[in-house]
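This report concerns only the one structure given below.
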Amino acid sequence: QVQLVESGGGLVQAGGSLTVSCAASARTFSSYTMGWFRQAPGKQREFVAAITWRSYTYYADSVKGRFTISRDNAKNTVYLQMISLKPEDTAVYYCAARKGSVVFGIDYDHWGQGTQVTVSS
């Protein structure tokens, strides 16, 4: 069983930056595709970014150029660095893990509990 724990959320002003982290318990963390999703109130959970075990990265169009996903396999941790934040980035951000290739839907095997990111205007 893979446990995922997000951290680093908070309140930031528009235009600011924030980095959220996700620590994984999996002994084979390096073999997992890791994804970040977000869910705003009243909206469906949506794909934000993903990184494969080879560190290929993928982004939603809405965050491309502003968000960067990375992983540190020695620390079993994946990061989402966010800059130029906008009020519409406000959401609960979830970390997810799956074996195999990247998918842009919610077909991931393991999920964290989420961390709140709030961007004020």
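The values are calculated or read from the model by the stated rules, or taken from the named source; none is laboratory data. Model, not experiment: these values are computed from the prediction. Cβ: placed from backbone, ideal geometry, glycine included. Neighbour counts: every protein chain shown. Side chains are part of the model used for accessible areas, which takes the heavy atoms of the whole protein and leaves out ligands, DNA and RNA. Shrake-Rupley method; radii C 1.70, N 1.55, O 1.52, S 1.80 Å.
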Expected field for Val102, accessible surface area in Å² at 1.4 Å probe radius, rounded to 10, holds 30
Ordering Val63, Val103 by the accessible surface of their heavy atoms, 1.4 Å probe, largest first, yields Val103, Val63
Residue-ordered couplings for the range 11-25, obtained by feeding phi - 60° into the Karplus form 6.51 cos²θ - 1.76 cosθ + 1.60 and rounding to whole Hz (Gly and Pro as x), are 9, 9, 7, 4, x, x, 9, 7, 10, 9, 10, 9, 9, 10, 8
Each label sits 7 Å from Cα toward the beta-carbon; between Gln13 and Lys64 the label points are separated, in nm, by 3.1
Between Ile106 and Asp72, Cβ-based FRET efficiency (R0 25 Å, step 0.05) works out to 0.55
So the number of lysine pairs in the chain with alpha-carbon atoms under 25 angstrom apart, 8 or more residues apart or on different chains, is 5
For the chain, the per residue accessible area (1.4 Å probe, Å²) is 52
Using a 1.4 Å probe on heavy atoms of the protein chains only, the accessible area for Ile106 in Å², nearest 10, reads 100
Whole-percent carbon and sulfur contribution to the accessible surface of the chain (1.4 Å, no ligands, DNA or RNA) stands at 49
The ratio Rg/Rh over the Cα atoms of the range 65-117, Rh being the Kirkwood inverse mean 1/r radius, stands at 0.97
For the chain, averaging the sequence separation of alpha carbon pairs under 8 Å that lie six or more residues apart and dividing by its residue count, the contact order in percent is 36
In debye to the nearest 20, the charge dipole size for the chain, taken about the Cα centre with +1 at each Lys and Arg Cβ and -1 at each Asp and Glu Cβ, equals 220
For Glu46, placing the label point 7 angstrom along Cα-to-beta-carbon and taking the range 93-112, residues whose amide nitrogen sits under 15 Å are 93-94, 104-106
